[in-house]
1. What does the chain give for Rg and for Dmax, in Å, if only its C-alpha atoms count?
2. Taking H as built 1.01 Å from N, whose amide H comes closer than 5 Å to the amide H of LEU86, not counting residues under 5 places away?
3. For region 73-123, what does the relative contact order come out to in percent, with C-alpha contacts under 8 Å and a separation of six or more?
4. Give me the 1.4 Å probe accessible area per residue for the chain, excluding ligands and nucleic acids, in Å².
5. Under a cut-off of 13 Å between alpha-carbon atoms, report the aspartates and glutamates in cross-link reach of LYS43, not counting same-chain residues fewer than 8 places apart.
6. Please state, rounded to one decimal and in Å, the Kirkwood hydrodynamic radius that region 2-49 gives when every pair of distinct Cα atoms enters the mean of 1/r.
7. How large is the accessible surface of GLU89 in square angstrom, using a 1.4 angstrom probe and rounding to the nearest 10?
8. Any chance you could look up the accessible area of LYS76 with a 1.4 Å probe, heavy atoms only, rounded to 10 Å²?
Amino acid sequence: QVHLVESGGGLVQPGGSLRLSCAASGRAFSSYNMGWFRQAPGKEREFVAAISYDGVNTYYADSVKGRFTISRDDAKNTVYMQMNKLKPEDTAVYYCAADYNSDYVIRGLSDYWGQGTQVTISS
């Protein structure tokens with residue numbers, strides 16, 4: 001079992017940057033595929049990015065490709081998402097997810113989720 005806690009959200013102007021962190025507690029973090037999802041008000045939760053358990057493979061939604069970068073530090077049991085060139089449409093609550101199955105992570109079927117961190121892009 002793994003417990004996930006997101007941090008790093010906040011209010012940023014358009015064009016700015018943020019780095020989200022997701023700290024995991026529990027065993028075998030390095031065995032988990034990790035992902036980020038977001039949910040804007042009135043919208044369904046959507047996939048943003050994912051990284052394989054070994055850090056070799058990364059996956060991105062088309063809307064964030066070239067702007068967001070997912071990474072992991074297994075020594076710190078943490079997954080990050082660097083978000084650059086932020087747009088107002090990036091405003092959402094961002095959630096971290098973990099699962100042994102990478103397909104489950106991408107499809108939003110992960111066993112484990114964090115509580116979310118608010119990201120607001122506004123001038």
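The values are calculated or read from the model by the stated rules, or taken from the named source; none is laboratory data. Bear in mind the structure is a predicted one, so any value in this text is a computation, not a measurement. Quick reminder, even Gly has a Cβ in these numbers, built from the backbone with ideal geometry, and neighbours come from all protein chains shown. Ligands, DNA and RNA are stripped out before the accessible areas are found, and what is left, the full protein with its side chains, is counted by its heavy atoms. Shrake-Rupley method; radii C 1.70, N 1.55, O 1.52, S 1.80 Å.
1. Calculated on Cα positions, Rg and Dmax stand at 13.2, 41 Å.
2. Correct list: GLY15, GLY16.
3. Values: 50 pairs, mean separation 20.8, N = 51.
Computed over region 73-123, the figure is 41 percent.
4. Numbers: 6330 Å² over 123 residues.
Accessible area per residue: 51 Å².
5. Within the straight-line cut-off, LYS43 pairs with GLU89, ASP90.
6. Values: mean 1/r = 0.0774 Å⁻¹.
When all Cα pairs of region 2-49 are included, the Kirkwood radius is 12.9 Å.
7. 120 Å²
8. So the heavy atoms of LYS76 present about 130 Å² to solvent.
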